[in-house]
1. In whole Hz and in residue order, list the ³J(HN,Hα) couplings for the stretch 84-97 that follow from phi through the Karplus curve 6.51 cos²θ - 1.76 cosθ + 1.60, θ = phi - 60°; x for Gly and Pro.
2. In whole Hz and in residue order, list the ³J(HN,Hα) couplings for the stretch 39-53 that follow from phi through the Karplus curve 6.51 cos²θ - 1.76 cosθ + 1.60, θ = phi - 60°; x for Gly and Pro.
3. Which ordering of VAL40, VAL106 is given by a fewest-first count of other beta-carbon atoms within 10 Å?
4. Please give me the summed charge of the neighbours of CYS55: other residues whose Cβ is under 13 Å from its Cβ, Lys and Arg +1, Asp and Glu -1.
5. Calculate the length of the line joining the C-alpha centroid of the stretch 21-40 to that of the stretch 89-115, in whole Å.
6. Would you mind ranking ARG78, ARG91 so that the residue whose beta carbon has the fewest other beta carbons within 10 Å leads the list?
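What follows draws every value from the coordinates through simple rules; no lab data is involved. This is a predicted model, so every value here is computed, not measured. Don't worry about glycine lacking a Cβ; one is built from the backbone with ideal geometry, like all the others, and counts go over all protein chains shown.
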Amino acid sequence: MSLRREPIAGPAALAAGAMGLVGLGVILALGDSAGGWAFVGWAVAAVSGLVGGGCVARGHGGPGRDFLLRFSASMLARFIAYGVGLAGAFRMRGSEAVMPYLLGLVLGYVPAQAYEMIGFVRRSGGR
């Protein structure tokens, strides 16, 4: 069975983009220090999600082992990036930076994951 390889566009991209912008708006409303660490968390999640998701999507529909390897490497790299960011926030500002960083991480992670899940469902023939 051959899966279609077409760009994921339309409503899924708009919804993920809108969620990301809402999250960014919430972060900017937090203020100075908290907003800065929340932005760092958001950026880490958004960038690692887009890069990792692109790598995984490229392997979707290929041999099972290739996809599993890409998926595992992507998730491991994301969790390492999240942990490095969290350790950096804690080392630089202590516990006061941890919650804003985690909030930003969630606000960046959720839209990227939603975009990936919708894309995989659409590529596998679901709507």
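1. Rounded to whole hertz, the list is 5, x, 5, 5, x, 4, 5, 5, 7, 10, x, 5, 5, 8.
2. So the J values, rounded to whole Hz, are 5, 4, x, 4, 5, 4, 5, 5, 5, 5, x, 5, 5, x, x.
3. Least to most surrounded, the residues fall as VAL106, VAL40.
4. +1
5. 10 Å
6. ARG91, ARG78
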